[in-house]
Amino acid sequence: MRLIDRLSDGLAALSGWALFVIGLMLAFEVVARYFFNAPTIWAEELSRLVFVWATLAAAASLLRKDAHIRVTVVTERLGPGGQRAMRFVSLAFVIVLAGLVVLYGTPIAWDSFTRGRTTGTMMDIPNWWAQAAVPLSFLLLGLQALVETLRLAIGRGA
């Protein structure tokens, strides 16, 4: 369980730094384009790729820290037992959804890898680089949801 927690939190920290780097890349692009009339061929596309990974990779840590956005209009009116039951239901939903995304997302990334599909832009980045972020991140999200379900079952969860 601690391995999944450390992996989730480590990727979230890395995601934070990645978002900082995206800011630097886009700031560089703005300066290059508007002050020197010399736009880059890499800043926008590379920042988009990094953004996909950074956004998805942090999802498992958010689940671990119970920081995802949620609507609590019903659950806040329930007692502790009802809230616990709803937490089980929501974690089960995350596990099923993550499993489906991994199941259907992996072949898409694999197909792009085997066929050599690229973005078709000036950088011509392989499509699977961005596509692989989806099943890999959802795999970690599903594993974190399993860990949180176990914690809840033994009385250590929220």
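How many residues are exposed (fewer than 15 other Cβ atoms within 10 Å of the Cβ), of a type outside the set (F, W, Y) and assigned to a helix (DSSP H, G or I) if we restrict to the stretch 27-47?
5
Scan the stretch 102-127 for residues that are polar (S, T, N, Q), surrounded by fewer than 16 Cβ atoms within 10 Å (Cβ to Cβ) and more than 30 Å from T40 (Cβ to Cβ) and jot them down.
If we filter the stretch 102-127 for residues that are polar (S, T, N, Q), which is where we start, we get 106, 112, 114, 118-119, 121, 127.
Retained after the next criterion (residues that are surrounded by fewer than 16 Cβ atoms within 10 Å (Cβ to Cβ)): 114, 118-119, 121.
If the condition is that a residue be polar (S, T, N, Q), surrounded by fewer than 16 Cβ atoms within 10 Å (Cβ to Cβ) and more than 30 Å from T40 (Cβ to Cβ), then T114 is the only one that fits.
Regarding the stretch 128-142, can at least one residue be identified that is farther than 18 Å from A12 by Cα and exposed (fewer than 13 other Cβ atoms within 10 Å of the Cβ)?
No, the stretch 128-142 contains no residue that is farther than 18 Å from A12 by Cα and exposed (fewer than 13 other Cβ atoms within 10 Å of the Cβ).
A short reminder: the numbers here are calculations on the coordinates, not readings from a lab. None of these values were measured; they are calculated from a predicted model. Here the Cβ is made from the backbone with ideal geometry for all residues, glycine too, and neighbour counts use every protein chain on show.
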